[in-house]
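Below is one structure, written out as structure tokens; the observations come after it.
The values are calculated or read from the model by the stated rules, or taken from the named source; none is laboratory data. Predicted, not measured: the structure shown is a model, and the values here were computed from it. Please note: Cβ atoms are built from the backbone with ideal geometry, for glycine as well, and neighbour counts cover all protein chains shown. To get the accessible areas, we keep the full protein, side chains included, count just its heavy atoms, and leave off ligands, DNA and RNA. Shrake-Rupley method; radii C 1.70, N 1.55, O 1.52, S 1.80 Å.
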Amino acid sequence: MNKLEIEELKRFTKRRAAFGGDLSVKNVHNVPNFFPEMYKRMFHTESLRKDLFCTNSPKYSDADESVVEEYENWLRNEGSGDE
């Protein structure tokens, strides 16, 4: 995980709190411009451009579960030792 991803995860922590603490990291799919590094890595793409029906972009279900797990673990442990 790089420094930009860690910065985005810290921002995501605030977003998750605003949604009552129950928001999957996969939610970056809905706001790729807010979390570009996470989005690119999780959905294996370099493009942040999305169309309404995801015909030419990754779908929510296309998230790499190993990356999702890594991010969720970081969030659970608040990044201790990962920087």
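Please enumerate the residues belonging to the stretch 5-45 that are of a type in the set (A, V, I, L, M), modelled with pLDDT of 95 or more and more than 14 Å from TRP74 (Cα to Cα).
Scanning the stretch 5-45 gives a single hit, MET42.
Out of the residues in the stretch 46-71 meeting the condition of being at pLDDT 85 or above and in a loop (DSSP other than H, G, I, E, B), tell me which one is surrounded by the most Cβ atoms within 10 Å (Cβ to Cβ).
ALA63
Out of PHE35, PHE19, PHE12, report the one residue that is surrounded by fewer than 18 Cβ atoms within 10 Å (Cβ to Cβ) and either at positive phi or not basic (Lys, Arg) (or both).
PHE19
What pairs can you find where one residue is in the stretch 56-71 and of a type in the set (Gly, Ala, Ser), the other is at pLDDT 95 or above and open to solvent by less than 20 Å² (accessible area, probe 1.4 Å), and their Cβ atoms are less than 6 Å apart, with a gap of 6+ or different chains?
Matching pairs, first to second residue: ALA63/MET42.
Could you list, in sequence order, the residues of the stretch 22-32 that are within 18 Å of GLU69 (Cα to Cα) and either aliphatic (A, V, I, L, M) or open to solvent by 70 Å² or more (accessible area, probe 1.4 Å) (or both)?
The answer is ASP22, LEU23, VAL25, VAL28.
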